[in-house]
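Enquirer: Below is the structure I would like to discuss, written out as C-alpha cells.
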Amino acid sequence: MGQTNPVQRLGQWRHWLAVFTWATCTAIAAPSERLAPTDQEWRERFVFGTDADNLRHNAKAWERARKAMESARSQGDPRVELRAAAAYFLTKPTHTPADCPIFQRYLAQARAGGAGLERELFDLGAATAWSFAERPCAGRVTSIELETLARRLGDPARMFYVLDAQAADAMAASRFGEITSIRSRQLDVAIAPFQRAKALIELGIADLVADQRSTEASRWLERAQREINVDEFQSLAADMEAGLAAVEFRHGDPAAAMVYVHRVLPRLRSGAAAPETAALYMTSFAKYLGRIQKLHEALAFLEESRQFDVDDLYTRMHTAASFLAIYAQLRTPEAWVKGEQEIQRINGWLAGPLESVTAREDAFRAIANFYERFGRLEAALKARKQLEAAMEQAQRNADDKRRIELQEQLSVALKDQEYDRLKARAELQEAHQRGWILAFGVATLGVVASGSAFAVATRRGRRLAKVSAELEQRNSELELRSSSRIRLLAAACHDLRQPAHALGMLAELGSEAQQEPTRFAAWLQRVRRSTASLGDMLDELMDLGRLDGGHYTPMLSDVPLTELMQEVMLHFGPLARRKGLTLEAPPVDALIVSDRHLLRRILFNLVSNAIKYTDTGFVRIHLERRSGEVRLTVQDSGPGIPRDKMDDVFRDYVRLNPRKAAEGLGIGLSIVRRAAELLSHPLTVSSQAGEGTSITLTLPVSASPMHDPLSLPGEQSATTGHALLAVIENDADVREAMVSLLQSWGHTVMAGSDARALLAASAAPYRAPDLVITDLHLDGTDGLAEVKYLREVLQAPGLPALLVTGDLDHAVTRQAAQAQVYVAHKPLAPLKLAALLSQLLASPPRNETTEVAAPPVPRGA
C-alpha cells in the first residue's frame with residue numbers, strides 16, 4: 001500500500017471517529033429499537049395460545065393445561081415442564097396457599113437455568129401476576145423484575161403483561177387511580193383484538209368501581225364488544241356482559257339489565273369464567289334485584305352462586321352477607337331462621353384467619369341490618385359496635401400505611417437534598433481548582449503578575465467560600481422546610497380522617513335515622529358539625545401552605561370591624577351556646593387597614609381556639625381605641641397557659657390540652673403568628689394558669705372617613721326569598737347540592753355546567769337571573785369568562801355575580817374585582833352563603849333589559 005501523508009491520516013481518523021460517534025449515539029438515542037425484534041415462537045405459544053385459550057373458555061383451557069402438565073412431568077424436559085407450569089397457573093380457576101410451594105419450586109428451577117430459561121421465567125411471572133398479588137408467594141416475580149426481563153428478551157408485546165402485573169400491584173395496594181392509566185397504556189401495546197378487548201373491559205370495570213353513575217363504563221364495554229366474537233371468547237364476553245348489566249341496573253333500567261344477565265348466565269354455568277368470578281357476578285345480580293324488590297329472584301341467584309366451587313373466603317362472606325340483606329327485606333319467620341343460619345356461618349369464618357378487613361365490615365353491617373329489621377335491637381347494637389371497631393381498625397391500618405409512605409417520601413426527599421448538597425460542593429471544589437490553576441499560570445509570567453493573580457484567586461476563593469456557606473445555609477433551610485411539610489402532611493392525613501371517618505359512619509346511619517324525626521335531627525346536626533370541622537381544617541391547611549411558602553401577597557384595604565364582629569357572632573354564636581358559653585363581640589365603628597382575608601382568619605382562629613379550650617364562662621372581644629390604632633383583644637375564662645408553655649403556643653402542631661387533640665390540626669395559632677407578622681400587626685399574649693388567656697392584636701386605623709356599615713343580614717332573609725338564581729358548576733354532585741339548598745330557601749334556580757348549558761336548559765324568551773353563582777375552575781373555561789358571556793348574551797352588563805372558589809390567588813381576586821364579581825372562598829357554610837345572598841340581592845334594581853328573544857351565536861360557532 002502507498003504511503004499516506006499526515007493530512008490524509010488525519011482525514012481518515014476524522015471519518016472513522018464520525019462513524020463511531022454516529023453508531024454510539026444511535027445506540028444510545030434509540031433504546032426502544034432494541035425491543036423491535038419480535039419473538040414469533042413466544043407469541044404463537046403464549047399470547048395466541050395459552051392466554052387466548054383462557055380468554056375463550058376458562059374451564060376448557062384449564063382442563064387442557066392440567067393434562068399438559070401431567071404429560072410434561074413425564075418427559076423430563078425442564079423447558080417443556082416450565083412452559084406447562086405457566087399455562088397451568090394462568091388457567092387455574094382458583095388459587096390457594098397450597099399452590100405456593102409448587103410455584104416456588106418451578107420458579108427456583110427457572111432462575112437456576114439462567115439466561116437459557118429467561119423466557120420461561122417471564123411466562124411464569126406473567127401467568128401469576130394476579131394469582132399472588134394480594135397473598136404473594138415468597139420470591140415471586142415482581143412487576144419490576146418482569147419489566148427487566150421483558151426489555152432483555154425483546155419483543156414489545158411483552159409489555160402488555162408487564163402492565164398487567166403493574167395493575168395487579170396497584171389493585172393490591174388500593175391505588176385505584178393508577179389502574180385506569182395502566183389499562184390505557186395496555187391498549188397501545190396490545191397486538192391482538194382479544195387483548196384490546198380485555199384492556200377495554202378492565203377500563204369499564206375500573207370506571208364502575210370508581211363512579212357508580214359513570215357513563216364512560218358503557219362506552220369502554222361497548223368498544224370491547226366490537227373487538228371480539230363473543231361466541232368464541234366466552235370468558236371475555238361474560239365479563240363484558242356482566243359489566244353492561246351492572247351499568248343498566250345502576251342507570252335504573254332493570255329490563256335492559258336482565259337482557260345482559262340472561263346472556264351471561266349460560267356462559268357462567270358452562271364454566272367460561274372462573275368459579276369465584278361467576279359466584280361474584282351471581283351475587284351482584286342478586287343485590288341489584290333485591291334493590292328493586294325482586295326478592296325471590298334474588299334468592300334464586302344467590303342459591304345458584306353457591307353451586308360454584310369457591311375456596312376464597314371473601315367471596316363466601318360476600319354471598320352470606322347478601323343472603324342476610326334479602327332475608328332482612330323479607331322479614332318472615334322462615335327468613336329469620338335462615339338468616340340465623342347465615343350468621344352462624346359468618347361467625348365461624350370470622351373466628352378464623354380472615355385477612356380482608358372489608359369482608360369483616362360487610363359482614364357486621366349485614367348482621368346489624370338483619371337484627372334491626374327483625375327488632376332485635378340489642379344484637380343489632382352489638383353488631384354495630386363490632387362494625388365500628390372493624391372500621392376503626394381499617395382506619396388505623398390505612399393511617400399506618402400512609403405514615404410509612406410519608407416516611408419513605410421524607411427519606412427520599414432528604415437523600416435528594418443530600419445529593420444536591422454534595423453536587424454543589426463538588427462544583428465549588430472544581431471552581432476552586434480552576435481558580436488556583438489560573439493563578440499558577442499567571443504566576444509563570446512574572447513576579448508582579450503572579451502577585452496580582454494570587455490576590456485575584458484569594459478574593460475568588462473568599463467569594464466561593466461565602467457562596468458555599470450561603471448554599472449550606474439554604475440547604476439547611478430547605479431541609480427544615482421539607483421536614484416541616486412532611487410532618488404537616490402526616491398530621492393532616494391523620495386529623496382530616498377523623499371528621500371524614502365520622503361522616504362515613506353517619507352516612508351509613510342516615511337511612512335509619514330518617515325513620516325517627518328526633519333521631520334524624522340529631523344525626524343531621526352531627527353531619528353539619530363534621531362537615532364544618534372538615535372545612536375549617538382545609539381552610540387552615542390552605543392558609544398555612546401559602547403563608548409558609550411565601551406565596552401570599554397581602555391586599556391592604558379598608559376593613560370595617562363591625563362586619564367582622566357580625567361574622568364572628570354569626571359563625572361562632574351557635575357553637576358557644578352549645579357549650580354553654582357567653583360570646584361577646586360588641587360592634588364598633590372603626591375602619592382599619594389590613595388584608596381582609598388574613599385578618600378574618602386571625603380573628604376566627606383566635607375565637608375558635610378560645611371556645612375550644614374554654615369549658616365554662618365566657619369568650620369576649622375587647623376593642624380599645626388609641627391614637628391611630630385599635631387594640632383588639634380576645635379574652636377567655638379557660639384554663640390559661642402555664643408559664644413554661646408560653647413560648648410554645650404559636651408553634652406548629654402544638655396542642656396544650658391532649659383531650660382536645662381531635663378537634664383540629666394544631667396549626668391555628670401558628671397561622672395567626674405568621675399572618676400577623678406578614679401584616680405587621682403586633683401580637684401579644686398574657687395568661688396565667690387557671691385564670692384564662694388574653695391575646696391582643698394591634699391594628700392601624702384607616703384615614704378614610706367611616707361610612708355606615710352594611711350589616712350582614714341573618715339567615716331568615718336569605719332563606720325566604722323568591723329570586724331567580726343561576727348556578728354554574730361543572731361538578732354534578734356539588735351543582736345538585738347547591739340547587740337543592742337554594743330551592744329549599746324558596747328561590748327559583750337554573751343550573752348548568754357552563755353558560756351555554758345553563759341557557760340550553762332554559763326556555764326562551766331568556767330572562768336574566770337576579771344573581772349568578774359560579775365556580776372558578778370549570779371544564780375548559782372559568783367562572784369569570786362564563787359570567788362575561790352571560791352578561792353579553794342577556795344584554796345585562798350589570799348582572800350581579802358571586803364567584804365561589806377555593807383558589808386564594810390574589811390575581812383571581814383582582815380579576816374578579818375588575819369584572820365587578822364578588823368573591824367567596826370555599827368551603828362556604830350555608831349561613832355565610834345565606835348572608836351573602838341577602839347582601840347581593842338587596843342591591844338596587846338594574847335598568848338594563850331583562851329579557852331577550854334568543855342568545856347570539858355561541859362562541860366558537
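Enquirer: Which condition number does E81 fail, the rest of (1) open to solvent by less than 50 Å² (accessible area, probe 1.4 Å); (2) within 27 Å of L268 (Cα to Cα); (3) not in a loop (DSSP other than H, G, I, E, B) being met?
Expert: It fails just one condition, (2).
Enquirer: When you go through F233, F249 one by one, which is the residue that is among the aromatic types (F, W, Y) and in contact with a His (Cβ under 9 Å, 6 or more places away or on another chain)?
Expert: After applying the criteria, what remains is F233.
Enquirer: To continue, here is another question. What pairs come out if I take residues in the range 181-204 that are over 21 Å from D169 (Cβ atoms) and pair them with residues that are among the β-branched types (V, I, T) and not in a loop (DSSP other than H, G, I, E, B) whose C-beta lies under 9 Å away, six or more apart or interchain?
Expert: I191/V47; A192/V47
Enquirer: Please work out which one of (1) hydrophobic (A, V, I, L, M, F, W, C); (2) under 27 Å from the mean Cα position of the chain (by Cα); (3) at pLDDT 90 or above is the condition A811 fails and give its number.
Expert: The failed condition is (3).
Enquirer: Can you tell me which residue in the range 778-812 is least open to solvent (accessible area, probe 1.4 Å), limited to those that are among the acidic types (D, E) and more than 25 Å from R596 (Cα to Cα)?
Expert: Checked the range 778-812; the qualifying residue least open to solvent (accessible area, probe 1.4 Å) is E786.
Enquirer: Same structure again: Among the residues of the range 346-387, what is the count of those that are open to solvent by 50 Å² or more (accessible area, probe 1.4 Å), under 22 Å from D311 (Cα atoms) and not in a helix (DSSP H, G or I)?
Expert: 3
Enquirer: Which one of the conditions (1) farther than 25 Å from M159 by Cβ; (2) surrounded by fewer than 20 Cβ atoms within 10 Å (Cβ to Cβ); (3) acidic (D, E) does D188 fail to meet, given that it meets all the rest?
Expert: Going through (1) farther than 25 Å from M159 by Cβ; (2) surrounded by fewer than 20 Cβ atoms within 10 Å (Cβ to Cβ); (3) acidic (D, E) one by one, D188 breaks only (1).
Enquirer: Let me ask you something else. Please work out if R111 is of a type in the set (D, E, K, R), within 28 Å of R269 (Cβ to Cβ), open to solvent by 60 Å² or more (accessible area, probe 1.4 Å) and part of a helix (DSSP H, G or I).
Expert: No, not satisfied.
Enquirer: Here is a follow-up. Kindly indicate whether R34 is modelled with pLDDT under 90, out of contact with any Phe, Trp or Tyr (no Cβ under 7 Å at 6 or more places or on another chain), surrounded by 11 or more Cβ atoms within 10 Å (Cβ to Cβ) and not small (G, A, S).
Expert: It is true that R34 is modelled with pLDDT under 90, out of contact with any Phe, Trp or Tyr (no Cβ under 7 Å at 6 or more places or on another chain), surrounded by 11 or more Cβ atoms within 10 Å (Cβ to Cβ) and not small (G, A, S).
Enquirer: Does at least one position in the range 396-404 carry a residue that is at pLDDT 85 or above, assigned to a helix (DSSP H, G or I) and within 35 Å of the chain's Cα centre (by Cα)?
Expert: No.
Yes or no, residue by residue, for (1) among the basic types (K, R); (2) within 22 Å of K92 (Cα to Cα):
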residue: Q225; (1), (2): no, no
residue: G243; (1), (2): no, no
residue: A246; (1), (2): no, no
residue: R267; (1), (2): yes, yes
residue: K287; (1), (2): yes, no
residue: K294; (1), (2): yes, no
residue: Q307; (1), (2): no, yes
residue: Y314; (1), (2): no, yes
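Enquirer: Can you find, within the range 84-106, the residue that is farthest from S131 (Cα to Cα) among those that are open to solvent by 60 Å² or more (accessible area, probe 1.4 Å) and part of a helix (DSSP H, G or I)?
Expert: So the residue we want is R105.
Enquirer: Restricting the search to the range 279-299, which residues are out of contact with any helix residue (DSSP H, G or I) (no Cβ under 7 Å at 6 or more places or on another chain) and surrounded by 15 or more Cβ atoms within 10 Å (Cβ to Cβ)?
Expert: K294
Results for (1) farther than 22 Å from R767 by Cα; (2) not aliphatic (A, V, I, L, M), shown as yes or no for each residue.
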position: A785; (1), (2): no, no
position: Y789; (1), (2): no, yes
position: V804; (1), (2): yes, no
position: R814; (1), (2): yes, yes
position: Q820; (1), (2): no, yes
position: H825; (1), (2): yes, yes
position: L831; (1), (2): yes, no
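Enquirer: Name the residue that is farthest from T319 (Cα to Cα), counting only residues in the range 283-305 that are touching a Ser or Thr at 6+ places or on another chain (Cβ under 6 Å) and of a type in the set (S, T, N, Q).
Expert: Per the stated criteria, the residue is S305.
Enquirer: How do the pairs read when you match residues in the range 166-177 that are without any contact (Cβ under 8 Å) to a residue 40 or more places away in the chain with residues anywhere that are part of a loop (DSSP other than H, G, I, E, B) and aliphatic (A, V, I, L, M), using Cβ under 7 Å and keeping only pairs 6 or more apart or on different chains?
Expert: A168/A129; A168/A133; D169/A133; M171/A133; A172/A133
Enquirer: Can you give me the number of residues within the range 76-106 that are at pLDDT 90 or above and of a type outside the set (D, E, K, R)?
Expert: Residues meeting the conditions: 12.
Enquirer: Looking at V527, V559, V588 in this structure, which one is at pLDDT 65 or above, in a loop (DSSP other than H, G, I, E, B) and among the hydrophobic types (A, V, I, L, M, F, W, C)?
Expert: V588
Here's the yes/no breakdown for (1) of a type in the set (D, E, K, R); (2) touching a Ser or Thr at 6+ places or on another chain (Cβ under 8 Å); (3) closer than 24 Å to A172 by Cα:
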| site | (1), (2), (3) |
| --- | --- |
| T50 | no, yes, no |
| Q75 | no, no, no |
| L82 | no, no, no |
| T94 | no, no, yes |
| F103 | no, yes, yes |
| A126 | no, no, yes |
| S131 | no, no, yes |
| E145 | yes, no, yes |
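Every residue, every condition in (1) in contact with a helix residue (DSSP H, G or I) (Cβ under 9 Å, 6 or more places away or on another chain); (2) in a strand (DSSP E or B); (3) under 14 Å from A726 (Cβ atoms), yes or no:
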{"position": "A751", "(1), (2), (3)": "yes, yes, yes"}
{"position": "R756", "(1), (2), (3)": "yes, no, yes"}
{"position": "V772", "(1), (2), (3)": "yes, yes, yes"}
{"position": "E792", "(1), (2), (3)": "no, no, no"}
{"position": "G798", "(1), (2), (3)": "yes, no, no"}
{"position": "V804", "(1), (2), (3)": "yes, yes, yes"}
{"position": "R814", "(1), (2), (3)": "no, no, no"}
{"position": "A817", "(1), (2), (3)": "no, no, no"}
{"position": "L833", "(1), (2), (3)": "yes, no, no"}
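Enquirer: Tell me, which residue of the range 819-861 that is among the β-branched types (V, I, T) and at pLDDT below 50 is surrounded by the most Cβ atoms within 10 Å (Cβ to Cβ)?
Expert: T850
Enquirer: Let me ask something else. Helices (runs of 4 or more DSSP H) wholly in the range 217-291 with at least 1 residues that are closer than 27 Å to A325 by Cβ and of a type in the set (S, T, Y) - which ones?
Expert: In the range 217-291, 254-270, 275-291 are the helices (runs of 4 or more DSSP H) which contain 1 or more residues that are closer than 27 Å to A325 by Cβ and of a type in the set (S, T, Y).
Enquirer: Among the numbered criteria (1) in contact with a strand residue (DSSP E or B) (Cβ under 6 Å, 6 or more places away or on another chain); (2) at pLDDT below 80; (3) in a helix (DSSP H, G or I), which one does A576 miss?
Expert: (2)
Enquirer: For the subset of the range 229-242 comprising residues that are of a type outside the set (D, E, K, R), buried (at least 24 other Cβ atoms within 10 Å of the Cβ) and without any contact (Cβ under 8 Å) to a residue 60 or more places away in the chain, which member is farthest from A52 (Cα to Cα)?
Expert: A242
Enquirer: In the range 341-357, is there at least one residue being in contact with a helix residue (DSSP H, G or I) (Cβ under 9 Å, 6 or more places away or on another chain), aromatic (F, W, Y) and modelled with pLDDT of 90 or more?
Expert: Looking through the range 341-357, none of the residues is in contact with a helix residue (DSSP H, G or I) (Cβ under 9 Å, 6 or more places away or on another chain), aromatic (F, W, Y) and modelled with pLDDT of 90 or more.
Enquirer: So, of the residues in the range 720-741 that are part of a helix (DSSP H, G or I) and closer than 21 Å to H777 by Cα, which turns out to be most open to solvent (accessible area, probe 1.4 Å)?
Expert: E736
Enquirer: Could you check the range 312-345 and list, in sequence order, the residues that are part of a helix (DSSP H, G or I) and among the acidic types (D, E)?
Expert: Within the range 312-345, E334, E340, E342 qualify.
The values are calculated or read from the model by the stated rules, or taken from the named source; none is laboratory data. This one's a predicted model, so the numbers in the text were calculated from it and none came from an experiment. So basically every Cβ, Gly included, is an ideal-geometry build from the backbone, and we count neighbours across all protein chains shown. Remember, those area values only see protein heavy atoms, side chains included, never the ligands or the DNA or RNA. Shrake-Rupley method; radii C 1.70, N 1.55, O 1.52, S 1.80 Å.
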